[in-house]
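Input: a single structure, listed below in structure tokens.
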Amino acid sequence: MRGNRPPLPHRRALIAGAGALAATAALFACTRNEVQPDETGRVRLRFALGGLADAGHGGFYQAVASGAYERRGLNVEILQGPAGADVPGLLASGTAELGLGADSFAALNLVAAGAPVKAVAACFQKDIHVLIAHPGPELEDASDLVGQPVYVPDDATETAWAWLKARYGFTDASLRRYTGDPEAFLADERAVLLGTLTSTLGAVRVAADMTPRVLVLADEGYPPYGGLVLAPNAFARDNARALRSFIVASAEGWRDYIQGDARAADALITAANPASTARLLTQGRDALRLNGVVAGGDAALYGLGAMTEDRWREFFVIASQAGLYAEDLDWRQAFTAQYLPGRG
């Protein structure tokens with residue numbers, strides 16, 4: 001079963017927000033592209049996370065804490081949350097110069113809406129969504145959980161949850177809304193939780209002091225890149241040096257966050273989001289490392305942040321054949337590798 005390529009969610013489900021994205025696209029024409037230096041001459045960049053700070057953002061905070069951005073002439077301000085914040089809107093309004101996209105779907109949806117934004121680096125070679133179940137028999141795959149109640153966060157209903165329905169036969173009759181508190185999941189031994197390696201899994205382990213059963217959706221065939229750095233086309237064109245410096249420094253930050261001493265970065269994350277405790281951050285970082293999320297895949301061959309045309313093509317073929325995108329959509333507009341180390 002794991003070797004099959006299933007259909008992805010129906011097009012209507014995943015581009016339900018296309019109208020809002022189209023409106024956002026129109027705003028880019030009014031956005032200023034010039035970046036302003038600070039009093040020391042460093043280039044000011046605001047980077048929007050689109051969610052609350054946790055281990056999934058650790059490499060960026062590490063680059064701040066270690067001075068990796070500063071050494072490359074950048075003054076980077078990280079803008080966190082709230083959860084589900086409109087990153088394309090922040091880019092279009094000029095509130096942020098760069099933003100973080102959850103996955104490949106986010107970049108292709110921007111193309112479909114006509115928004116002039118590209119993914120310029122992929123911090124995660126694997127999507128970090130997981131299915132979490134109570135202790136019990138070993139899971140062969142996600143089909144073993146069909147029919148059980150599944151708690152799903154709002155921002156995953158049109159991506160990971162829709163994919164699970166298409167591949168394994170989950171239905172919305174099983175859907176329960178997850179608001180960030182695992183109490184309801186923990187109270188029902190049949191319940192399943194759709195969450196992430198970097199926050200939800202650790203929260204469950206801390207709250208219940210148990211070892212749950214976990215399925216990483218990427219290992220089940222869920223295909224996107226994750227943790228995409230998004231840059232408006234005009235900004236990238238007019239600030240290529242600063243953008244390359246940001247990507248190089250961020251890659252250094254991710255390397256050191258995963259492999260080195262992360263205490264200074266974790267302190268910044270906890271200051272920004274007190275719910276991200278030291279224990280949760282350690283568990284999230286360990287999960288990223290053990291699952292090869294940052295340094296595996298294309299990054300193992302081409303360096304951290306790598307993206308390849310072959311993988312984007314494969315993703316688009318799967319998505320378009322499932323009716324998610326028009327087959328004539330110019331998917332190459334979703335990304336560029338020209339700002340990655342060694343390019344351009």
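General observations
- With every protein chain in place, segment 53-120: carbon and sulfur % of accessible area (1.4 Å): 51 percent
- Taking the protein heavy atoms of segment 257-336 in the context of the full set of protein chains, the accessible area attributed to carbon and sulfur is 53 percent at 1.4 Å.
- For segment 36-73 versus segment 253-271, the spacing of their alpha-carbon centroids is 13 Å.
- Reducing segment 116-192 and segment 280-334 to their Cα centroids gives an inter-centroid distance of 19 Å.
- Legend: Rg and Dmax of segment 159-315, from Cα coordinates, 18.1, 54 Å.
- Q321 versus Q338: modelled label distance in nm, points set 7 Å from Cα along the beta carbon direction: 3.1 nm
- Hydrodynamic radius (Kirkwood) for segment 296-344, which is based on Cα pairs only, to one decimal in Å: 12.0 Å
- Computed over segment 121-194, the P(r) curve from all C-alpha pair distances, binned at 5 Å from the origin, holds 3, 15, 28, 24, 18, 8, 3, 1 percent per bin.
- Mean sequence separation of contacting Cα pairs (under 8 Å, at least six apart), scaled by the length of the chain, corresponds to a relative contact order of 30 percent.
- Shown here: Cα extents along the principal axes in Å, derived from the displayed model; of the candidates (1) 60, 49, 40; (2) 64, 58, 42; (3) 58, 47, 35, it corresponds to (3).
- Backbone amide hydrogens, once placed in the peptide plane, bring V117 within less than 5 Å of N233, excluding anything fewer than 5 places away on its chain.
- Whole-percent carbon and sulfur share, accessible surface of segment 123-253, 1.4 Å: 46 percent
- Heavy-atom accessible area per residue - the chain, 1.4 Å, Å²: 43 Å²
- Selected from Y178, P135, L290, residue furthest toward positive end of dipole (the chain; charges at beta carbon): L290
- Extension gain from T282 to R237, taking 0.36 nm per residue of separation minus the Cα-Cα distance: 12.4 nm
- DSSP-loop GluC sites (Glu not before Pro) across segment 53-144, with at most 15 other Cβ within 10 angstrom: E138, E140
- Inter-label distance for A267 and A184, nm, one decimal - labels placed 7 Å from Cα along Cα-to-Cβ: 3.9 nm
The values are calculated or read from the model by the stated rules, or taken from the named source; none is laboratory data. None of these values were measured; they are calculated from a predicted model. Cβ atoms come from the backbone with ideal geometry, glycine included; neighbour counts cover every protein chain shown. Just so you know, the surface numbers come from the protein's heavy atoms only, side chains and all, with ligands and any DNA or RNA stripped out. Shrake-Rupley method; radii C 1.70, N 1.55, O 1.52, S 1.80 Å.
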